[in-house]
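Below is one structure; the comments refer to it alone.
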Amino acid sequence: MKPLPRAPTVHLMFKRILVGYAGDRAGRDAVQLAVRLQSLMGSALTVVIPYHPLFAAVPGEVAEQRAREELEAMLGGAMPEGTRFHWSNANWPIHALHELAEYERDDLIVLGAAPERIERRHVGLMERMVHGAPCAIAIAPEGYAERPAGSLSRIGVGFADTAEGRAAVAEAREIARLSGADGVKLIAGAGLTGALLGYAAMSAALPEAEAEMLEEATASAERVARQGAGHDSVEVRHEDPAHLLVACSEQLDLLVLGSRDYGPLRHVLLGSVSAAVMRESRCPVVVLPRRTPQTAPAQTEAAFASA
């Protein structure tokens, strides 16, 4: 009997990072982000490169060395000590990364956004990457590799008063602690998404419902912010959540989201905030699978228990 797939897990530190690199701009962006996260967390890093021995003009060792030299030139120095390179002959890179992350029990898969390529192929790469992922996903925005090196100290989190939202807050706080930041920014859009707003636009009760949503979102975000060990800030607006998160990403170094993982039907009806933000964000985005953290700082557990 075939064993059941391992349930997605979330750890407050990414001990094993997997990044895809195919020699393109998206791959360079992804590796730059992966190396910065690896440096921050002391993670083990694996770079996956496409290579099929039946169709390649050079041996695998040569292809690996070329990829290593390209990345070292981009980074201005050697790859982090202990970096491994893995060859993959899979036709669909998402499957290859998911399967390898499942097999190696990785904590994070890193990709580059490359929005123009995604639109040209007419595939929802972001949605497919998150759906069914065995671990967290990080997306580097287009052109990230060309940006000046900097710290990951301005951390934002897409907040919702749910298990997924609390997992995102815990992860964001841990990254902020490692980077030396004193707190994170909790961001909540207390407005209906485009699809739902279209259905409710003619309702006489809509203004009252929107006011109640804003009040509840503000109260819950401020309560969780007060329970943190640092000095968390809060930004809650009456706005589409995805639009607000994208706007705030201009002033952030990293944005953490919790994925609801609705599945195909509810995705069509409700849309996907995380997918929209991953495509348009100006800063890197980390999306956690639908699981609460397995380990958390004692103060975070205590705070959430009373929330």
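The values are calculated or read from the model by the stated rules, or taken from the named source; none is laboratory data. In this text, all values refer to a predicted model and were calculated from it rather than measured experimentally. Methodologically, a virtual Cβ is constructed for each residue, glycine included, from the backbone with ideal geometry; neighbour enumeration extends over all protein chains shown.
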So which residues in the stretch 29-42 are of a type in the set (D, E, K, R) and farther than 12 Å from residue 139 by Cα, if there are any at all? 36
Extreme residue, farthest from residue 170 (Cα to Cα), among residues of the stretch 248-279 that are surrounded by fewer than 18 Cβ atoms within 10 Å (Cβ to Cβ) and modelled with pLDDT of 90 or more: 250
Confirm whether residue 145 is surrounded by 15 or more Cβ atoms within 10 Å (Cβ to Cβ), in contact with a Pro (Cβ under 6 Å, 6 or more places away or on another chain) and either at pLDDT 65 or above or of a type in the set (A, V, I, L, M, F, W, C) (or both). no
